[in-house]
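Everything on this sheet refers to the single structure shown next.
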Amino acid sequence: VACVYDELLNSGEGSNSILVVDAPARLVGGSLAQAQAEMPHAIILGLMRTEEEVTLAPHPGATTIAPGNKLAVIAQSKRAAVSQGAPRPTAPAEPPRVRSRGRSPARPADRPQRVLICGWDALMSVTVEDMRVPAPA
């Protein structure tokens, strides 16, 4: 996990930090999924309702932002974290079909595979579904 954080915090043009920011007023009453869609320059890690109540990796669609809440995020700065960017694309009605030109390396069927996904947006559900489909033989 340490190498994942190192990559997230130190890759790209500017370095990132883990920050706690006040939830912008425009996001109050909405879900974390909506907040993530409106905060394209940040990855939301969690929600602070009070100093004692911190939830990391809450369910994005089922967690509502209330007045006074703070967000734990990965971003280059607090200003960049809360900046409003272009809306993220929504998931297509039908997932696109991915065709492979080559053959995927064989994986033992009895060995579970693990993937760490940091951040989430509307198109990630398509990616997760694609990961569930076995590669063609």
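Taking the range 119-137 on its own, how many of its residues are assigned to a loop (DSSP other than H, G, I, E, B), modelled with pLDDT of 70 or more and open to solvent by 60 Å² or more (accessible area, probe 1.4 Å)?
Of the residues in that region, 2 qualify.
I'm trying to understand the selection: among the residues of the range 67-76, which are farther than 22 Å from Ile117 by Cα, open to solvent by 40 Å² or more (accessible area, probe 1.4 Å) and of a type outside the set (D, E, K, R)?
Looking only at the range 67-76, we keep the residues that are farther than 22 Å from Ile117 by Cα, and these are 67-70.
From the residues that got through so far, the ones that are open to solvent by 40 Å² or more (accessible area, probe 1.4 Å) too are 67-68, 70.
Answer for the range 67-76, where residues must be farther than 22 Å from Ile117 by Cα, open to solvent by 40 Å² or more (accessible area, probe 1.4 Å) and of a type outside the set (D, E, K, R): Pro67, Gly68.
Looking at Ala86 and the list (1) modelled with pLDDT of 60 or more; (2) among the aliphatic types (A, V, I, L, M); (3) open to solvent by less than 100 Å² (accessible area, probe 1.4 Å); (4) out of contact with any helix residue (DSSP H, G or I) (no Cβ under 8 Å at 6 or more places or on another chain), which single condition is not satisfied?
Status for Ala86: all satisfied but (1).
Which is modelled with pLDDT of 85 or more and outside any loop (DSSP other than H, G, I, E, B), of Ala62, Ala37, Ala66?
Working: Ala62 fails: outside any loop (DSSP other than H, G, I, E, B); Ala66 fails: outside any loop (DSSP other than H, G, I, E, B).
Of the residues listed, the single one that is modelled with pLDDT of 85 or more and outside any loop (DSSP other than H, G, I, E, B) is Ala37.
Anything in the range 13-34 that is part of a loop (DSSP other than H, G, I, E, B) and open to solvent by 50 Å² or more (accessible area, probe 1.4 Å)? List them, or say none.
Here is the first cut: in the range 13-34, the residues part of a loop (DSSP other than H, G, I, E, B) are 13-16, 23-24, 28-30.
Selection gives Glu13, Ser15, Val28, Gly29.
Identify, please: which residue in the range 1-12 is open to solvent by 60 Å² or more (accessible area, probe 1.4 Å) and either of a type in the set (Gly, Ala, Ser) or in a loop (DSSP other than H, G, I, E, B) (or both) and is, among those, modelled with the highest pLDDT?
Ala2
The values are calculated or read from the model by the stated rules, or taken from the named source; none is laboratory data. Keep in mind that what you see is a predicted model, and the values were worked out from it rather than measured. Here Cβ is always computed from backbone atoms with ideal geometry, including for glycine, and neighbour counts include all displayed protein chains. These area figures cover heavy atoms from the full protein model, side chains too; ligands, DNA and RNA do not enter into them. Shrake-Rupley method; radii C 1.70, N 1.55, O 1.52, S 1.80 Å.
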